[in-house]
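Read through the structure below, which is laid out as structure tokens, and then see the notes.
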Amino acid sequence: MKMKLILHVLAILLAVIGLFMLIPAGIALFYGETECFKAFMLPVLGFIPVGIGIYLLTRSNRNRTMSPRDGFMLVSLSWICASALGALPFYLSGAIPSYTDAYFETMSGFTTTGASILTAIEGLPYSILFWRSLTHWLGGMGIVVLTVAIFPLLGIGGLQLLKAEAPGPSVDKITPKIAHTAKYLWFIYLGLTVLETILLMFGGMNLFDALTHSFGTMATGGFSPKNTSVGFYDSPWIHWVITIFMVLAGLNFALYFKLLTGRIKSVLIDTEMKAYLLIFGLASLAITVSLLRNGVFDGFGEGLQYAAFQVASILTTTGYATTDYDLWPAFSKIILFLMMFVGGCAGSTGGGIKVVRIVTLFKLSVRELKMLIYPRSVFHLRLNKMVVKKDIISVITGFVFLYIFSLLVTTTVVASGGYDILSSFSTALVTVGNIGPGFNLVGPTMNYAFFQPGIKWFLSLAMMMGRLEIYTVLVLFTPWFWKKL
């Protein structure tokens, strides 16, 4: 591995995070939060000399093209180090006295999981709440993708990094140059964030709340500056705006680029998008009917409002809540439980298995059934009217197996702390899937503060594995990764 190049890029990436810390530092200064201002400035001022030193010592490396091995190592180290640095303001300000809890909260933020150890959220300083939500926004599109966008200035190839970072079974280059792809993705991401912020302010939110909720929505993260999440706002307008933007955030961002460039036909035939919207619509209607039949809500409009919001929140792995769905009828909870296995689309900010993998495996199962009846026939598996290659099917099958295996291992580790099976499996499902709230002990009105420190560190690793699509992290633990070629 090219360790000099890895350290070189790592120094740049952490410097980018340090620069973003200046924003909450300014907010702390504005609100007179002196201790918080110090807590943000100490990591920034302390890291700058170290970062500059590493940058200067490693810039002489001539070979600046990364191999897949380099990309996997750098991306994993990036998320570990970013969380370590990002946790310092929480810890130094005293907002989160335990560094273990501060690291868990930060990893949950950067991975857009939304699992929190905080109980009294509204009592925290504005700067801390803003940084908490900003970690979502930076991690949503990917701090590594942001770094790739500035690579042309550094003469570094970024394709392997984007492959290791981007969520989904494959990475589509929407422009000939990978750095341009990263820039377009971030511009679309920024544009949607600004639009949602404006619409939320139109619905009555102040600028601070609108920004922090937009960060959580577009990143599909779920951190809210309110103790009761979005349920704090008894406003159908706000609920529907966030619902719509959660659904938009769960779509493949490459589709937005195609829309902007006039390729509407290629968007309309997208198999994954149609399946994603169908799942969202059917699940929302099914839960609405269930809620009305059980008398939870009186009118169809109100029932659909709450049902659609929660389906969008769980399906896209955002994790916001407008009510305690743990009190809903069993049928409604089962639908939400199934949504936790699906996730958003490939190329979105959502987590989970991803819709395209679910669709591919469904089509694969149908093809196997056909072959049992017509063993001599040849049936091709198609997505978007194109034949899916066998190697892609193998990768998807392997991923789903490793995903389920990761869920079982995480469930076992959590259960070792003495927790019931539903809470343990729910915790595994919502951390590996980057969802946030689950059921029972980790339901929408609960938090993760009660877990032992060892389990919190393991769950931090589980969140990172889920965000980086399992393979990127697990490959580091294989013996052949470290063998010299």
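The values are calculated or read from the model by the stated rules, or taken from the named source; none is laboratory data. In this text the structure is predicted, and so the values were computed from the model without any measurement. Backbone-built Cβ (ideal geometry, glycine too); neighbour counts: all protein chains shown.
General remarks:
- Across region 432-443, the qualifying residues are those that are assigned to a loop (DSSP other than H, G, I, E, B), within 13 Å of the chain's Cα centre (by Cα) and at negative phi, and the one among them that is surrounded by the most Cβ atoms within 10 Å (Cβ to Cβ) is Ile435.
- Cβ-Cβ contacts under 6 Å between residues 6 or more apart (or on different chains), taken from a first residue in region 444-470 that is over 17 Å from Ser426 (Cα atoms) and surrounded by fewer than 18 Cβ atoms within 10 Å (Cβ to Cβ) to a second residue that is at pLDDT 95 or above and β-branched (Val, Ile, Thr), are listed as Pro453/Thr100.
- Listed by position, the helices (runs of 4 or more DSSP H) enclosed by region 15-124 that each have at least 1 residues that are in contact with a Phe, Trp or Tyr (Cβ under 7 Å, 6 or more places away or on another chain), within 30 Å of Val230 (Cα to Cα) and not aliphatic (A, V, I, L, M) are 68-86, 88-93, 99-110.
- Within region 372-402, the only residue that satisfies the criterion of being loosely packed, with under 10 Cβ neighbours inside 10 Å and touching a strand residue (DSSP E or B) at 6+ places or on another chain (Cβ under 8 Å) is His380.
- Here Leu369 fulfils each of the conditions (1) assigned to a loop (DSSP other than H, G, I, E, B); (2) out of contact with any strand residue (DSSP E or B) (no Cβ under 7 Å at 6 or more places or on another chain); (3) surrounded by fewer than 13 Cβ atoms within 10 Å (Cβ to Cβ) apart from (1).
- You will find that of Lys258, Lys226, the residue that is of a type in the set (D, E, K, R) and over 22 Å from the mean Cα position of the chain (by Cα) is Lys258 and no other.
- Hits in region 203-216 - residues which are without any contact (Cβ under 8 Å) to a residue 24 or more places away in the chain and more than 22 Å from Gly319 (Cβ to Cβ): Asn206, Leu207
- Among the residues of region 229-255, those identified as modelled with pLDDT of 90 or more and under 17 Å from the mean Cα position of the chain (by Cα) are Ile242, Thr243, Phe245, Met246, Val247, Leu248, Ala249, Gly250, Leu251.
- Flag if Tyr419 is surrounded by 13 or more Cβ atoms within 10 Å (Cβ to Cβ) and outside any helix (DSSP H, G or I): yes
- If you go through region 444-485 and keep only what is basic (Lys, Arg) and in a helix (DSSP H, G or I), you end up with Lys456, Arg467.
- Taking region 217-276 as the range and being free of Cβ contacts under 8 Å to residues at least 40 places away in the same chain, charged (D, E, K, R) and not in a helix (DSSP H, G or I) as the test, the residues that pass are Asp234, Arg263.
- Residue among Phe362, Phe379 that is farther than 29 Å from Phe215 by Cβ, part of a helix (DSSP H, G or I) and not basic (Lys, Arg): Phe362
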